[in-house]
Each structure stands twice: as C-alpha cells, then as structure tokens.
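Below: the structure, in structure tokens.
The values are calculated or read from the model by the stated rules, or taken from the named source; none is laboratory data. Keep in mind that this is a model prediction, so the values were computed, not measured. Neighbour counts are summed over all protein chains in view; Cβ atoms, including those assigned to glycine, are modelled from backbone coordinates with ideal geometry. Side chains included, ligands, DNA and RNA excluded: accessible areas come from the protein's heavy atoms. Shrake-Rupley method; radii C 1.70, N 1.55, O 1.52, S 1.80 Å.
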Amino acid sequence: MPGAQLAADLWISEYLSPCDIWQHGVTKLLASRQTPFQEMQVVESGPYGKALILDGKWQTCTGDEFLYHEPIAHAPCVLHGKPERVLIAGGADGGVLREVLKWQCVTEAVVADIDGDVITACRELLPEIHQGAYEDPRARIAVGDAFELIRSTPGYWDVIIADLTDPIEEGPAYPLFTQEFFRACQYGLRPGGVFVNQAGSQSPPLADILIRVLHTIDSVFTQTSLITANVPTYGSAWGLAVACDQPLNLRPDPEVTNRLLAEQVRGPLQMFDGESLLGMLQTPKYIRDRLASETVIYTIAEPPKFFGRDIP
Ligand code: SPD
C-alpha cells in the first residue's frame, strides 16, 4: 500500500516465538472480555477485516478465513467421499460449519465447543464468517468438552474436524492434541471415517509441534498425512493433519475431485478444487525428513506446550 498512512492506533501482538511478533493494527474493538475459559477479542483490523482473537492468538479474519476453512472442511469430506455425520471440535466462529453444510450428503453437523461465550459473540459479531450456518436444521451446538462428547458416541461420525485454538499451556485446547484424544476420535469414527485437525506452524524453526502432532496421530491411525493451508493471518504456512484407518488417496485425480464437488457441494468455493487439493496434500521434504526421525508422542501427562502470550 505505497504512500498509505498508518490507520490504527491500537496494535495487537501475537507472540509466535520468544523472538517473533505477528502484529495487526486494530481499527475498532467490537468485544473484549475474559470468558470462563479464555480471553477473547473481536476486532476490526483494516485490510484483513473483522477478526477473532483468543488468548492473544489470531484465530480467523474475514479477509483470509476461506484459505483455512475451505481446506479443513472440504479435504476430509472429499477424502471420505460421502460424509453424513460431521463433528467439529472447537469451531465456535462457524466457518467450518458453514463449509461442511455445503455438502448435500451431510445430515448432521455438530459444533462441540467448550466456550459458549465465544459462540455467542461470533454469532452476533461475525456473521460474515458463519453466514447463517447455525440456523441450518442440520446444525447443532453442543457447548462442552468435545473429548467427552466423542467418548460417548462410539463409531458414529464420518468426519471429525478439530478446529481448535493453539495448544498453549494456559488455554483450553491442549488436551485435544494428545494421543488420548486421537484414540477417542478413532473410537468415535465409523469405518472409513476421516479425522483432521489444525496441527501447527510449518515454519521450520517453529515446526516441532506440528511434526510431533503428526507423529502422535500416526501412532494411533493406520494412515496420517499433512495438508498445507497458506493463511496469512497465522504468519506462516499452517499444517493440518489428516488421518484414517483405511488407505487415503493422497494423489486424487483433480477431475474426479471436481466431479464429486459438483455433485455434492452447493455454494461458492473460493480456493478449494481438485487442483488445490492435489497440491495441498503433498508434504514438503523437510517435514518428511523430520517426521522420519521424530520420537515424541504427546500425551495428557506430556502435552504440547505451544508458545503462549508472554516472553518467559
Ligand atoms: N494459530 C492459530 C490457529 C488457529 C486455528 N483455529 C482457527 C479457528 C478458525 N475457525
């Protein structure tokens, strides 16, 4: 934006590492409060649009949310082929729900988020993201612990999408990045069911958590792989892990994918199609190399510790 003047008086900084800050200017504060689980802001942030921030981490911006919500929702649905029951763990903003409900074969989509206050704020303040998805008769909200919900629904789901906040020590999401949770998801899936989660940054100096999450999921499921989502809001390419107990086709023919999307998906897609899916399923060499020598398995006793808000 050559020649532009600074347009913000307030800047919210996200610490990506002890030495790296990702900062957006805030032009309007729409909500700011401490919920029983986390600190929440909803803001307007200039070129990236309206945004949700939880515990100091930028979750989603209207300006680039489709670069995250389309891959995390449509990739597992395509890999499954005909999902009917979809569980979204987290996902309070409704962006994943909106995308999942574009699939005509989906009969039930549940958002299981522990923080009802965030759902309420997003429904009221971020209609650009949920776009009315919560009103769809196939949608249901389950405010509570997704871990418990999945444990109580064995063999029920075709697709489980963990659209969580980062696993910072002081936040609510870290137990859902552990072997115990991934086992619960495996137990909650129907035969042929597909699991996907947001698994962390692909930035080489920050990628240990992503590699270990992939390795931990791989210790549970028969097949695990990486999906790459390039989301400017997150400051680096972002990794999604995808897993299944049946073989996943990681080189899907774009024409076959496009035919399936044409049959099943109603509503616009901005970035996702057969060509994009084929590209995002190819794992970069440095990640394959690091995975081959990874030994750490995350458990409830030894969970991930994503870099949080404060410089230690
Ligand atoms: N570093 C941020 C990762 C955010 C993942 N969850 C985003 C929620 C969007 N629905």
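Which whole-number value in Å² is the accessible area per residue of the stretch 66-293, probe 1.4 Å?
Roughly 37 Å² per residue, with all protein chains present.
Per-residue ellipticity at 222 nm for the chain, helices alone: DSSP H runs ≥ 4 residues times -39500 (n - 2.57), over residue total, nearest 500 deg cm²/dmol?
So the helix-based figure for the chain works out to -8000 deg cm²/dmol.
May I ask what percent, to the nearest 5, of DSSP beta bridges between residues of the chain are antiparallel?
DSSP beta bridges in the chain are roughly 65 percent antiparallel.
Run the count for the chain, please: Lys pairs, Cα-Cα under 20 angstrom, 8 or more apart or on different chains.
Close lysine pairs found across the chain: 4.
What's the carbon and sulfur percent of the chain's accessible surface, probe 1.4 angstrom, rounded to a whole number?
Numbers: 6730 of 13020 Å².
Carbon and sulfur together cover 52 percent of it.
When a/c is below 1.5 the answer is rounded, else prolate if a/b is larger than b/c, else oblate, so apply that to the stretch 10-61 with a ≥ b ≥ c taken from the square roots of the Cα gyration tensor eigenvalues.
oblate
Dipole magnitude of the chain about its Cα centre, charges +1 at Lys/Arg Cβ and -1 at Asp/Glu Cβ only, in debye to the nearest 20?
520 debye
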